[in-house]
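The values are calculated or read from the model by the stated rules, or taken from the named source; none is laboratory data. Here the structure is a predicted model, which means the values were calculated and not measured. For neighbour counting, all protein chains shown are included, and Cβ atoms are generated from backbone atoms with ideal geometry for every residue, glycine included.
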Amino acid sequence: MKKKIFIWVAHPRAKSLCGKLADAYQEGAKGKGGQVRRMDLANMVFDPHFDGYGPDAPALEPDLLEWQENVAWADHLLIVHPYWWGAMPTTAKAVLDRALTSGFGYKYHSRGMGWDKLLTGRTADALITSDTPPLIDTFIYRKPARRVIRNQVLGFCGIKARNVVQFGSVKLADAAKITGWITKAHEMGRSAA
């Protein structure tokens, strides 16, 4: 059975290292027979303004509905994003705020602190690019972006994180280093399929 893989490039710029990593992952997955759907944040149109959850929340725009449809369709997800000020970019976070909602990604119990994880049975990889070297990010900052994507995003909804990889320092990397990261992304795509 062919694995269904949804790739979300959560970088607001159309041409980026995140996009190149996603290209390599996609090529690897397709090369092993994976079915791939992909969305790039740079092409998504929606209102990033978010006033909070509630009955008066605005309806989701077509691109956010398509994002939900792709997540629901997938057996496996890849999220690729840059690491800005300890987290993903604001517009990427807005997609999660607006589309990863109660009734889709999770459902709180009517009493107590419990919730149902509505996206169980899926796996995911995440690739994060940063200027902060991963060792410094691990030992000084305690890897916030990696923890959030693994635990508070994927895990909260029942998606099992397979690999959460941070590539850096981007600003200090030479061409050979970047080629190595792209090769790793390709291998991860093959493994995911």
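The set of residues from region 110-131 being modelled with pLDDT of 95 or more and of a type in the set (S, T, N, Q) comprises Thr120, Thr123, Thr129, Ser130.
Yes or no: Asp56 free of Cβ contacts under 8 Å to residues at least 40 places away in the same chain and at negative phi? Yes: the conditions hold for Asp56. In region 50-75, of all residues being in a helix (DSSP H, G or I) and more than 13 Å from the chain's Cα centre (by Cα), the one that is surrounded by the most Cβ atoms within 10 Å (Cβ to Cβ) corresponds to Leu64. Look through region 171-181, keep the residues that are surrounded by fewer than 18 Cβ atoms within 10 Å (Cβ to Cβ) and touching a residue at least 24 places away in the same chain (Cβ under 8 Å), and return whichever of them is nearest to Ala87 (Cα to Cα). Ranking the qualifying residues of region 171-181, first place goes to Lys171. For the structure I just gave you, tell me whether Tyr83 is modelled with pLDDT of 95 or more, hydroxyl-bearing (Ser, Thr, Tyr) and over 27 Å from Glu187 (Cα atoms). It is false that Tyr83 is modelled with pLDDT of 95 or more, hydroxyl-bearing (Ser, Thr, Tyr) and over 27 Å from Glu187 (Cα atoms). Candidates in region 76-93 are the residues that are surrounded by fewer than 17 Cβ atoms within 10 Å (Cβ to Cβ) and either touching a residue at least 60 places away in the same chain (Cβ under 8 Å) or touching a Lys or Arg at 6+ places or on another chain (Cβ under 7 Å) (or both); of these, the one that is nearest to Pro48 (Cα to Cα) is Thr91. Under the condition of being in contact with a strand residue (DSSP E or B) (Cβ under 6 Å, 6 or more places away or on another chain) and within 28 Å of Asp131 (Cβ to Cβ), the residues counted in region 18-37 number 7.
Only a single criterion out of (1) buried (at least 16 other Cβ atoms within 10 Å of the Cβ); (2) more than 21 Å from Asp23 (Cβ to Cβ); (3) of a type outside the set (Phe, Trp, Tyr) is not satisfied by Ser130, namely (2). Looking across region 136-170 at every residue that is more than 24 Å from Ala72 (Cα to Cα) and among the basic types (Lys, Arg), the one that is surrounded by the most Cβ atoms within 10 Å (Cβ to Cβ) is identified as Lys143. I'd like the residue in region 1-49 that is part of a loop (DSSP other than H, G, I, E, B) and of a type in the set (Lys, Arg) and, out of all such residues, is surrounded by the fewest Cβ atoms within 10 Å (Cβ to Cβ). Of everything passing the filter in region 1-49, Lys15 is surrounded by the fewest Cβ atoms within 10 Å (Cβ to Cβ). Looking across region 66-76, just one residue is in contact with a helix residue (DSSP H, G or I) (Cβ under 8 Å, 6 or more places away or on another chain) and farther than 17 Å from Tyr106 by Cα, and that is His76.
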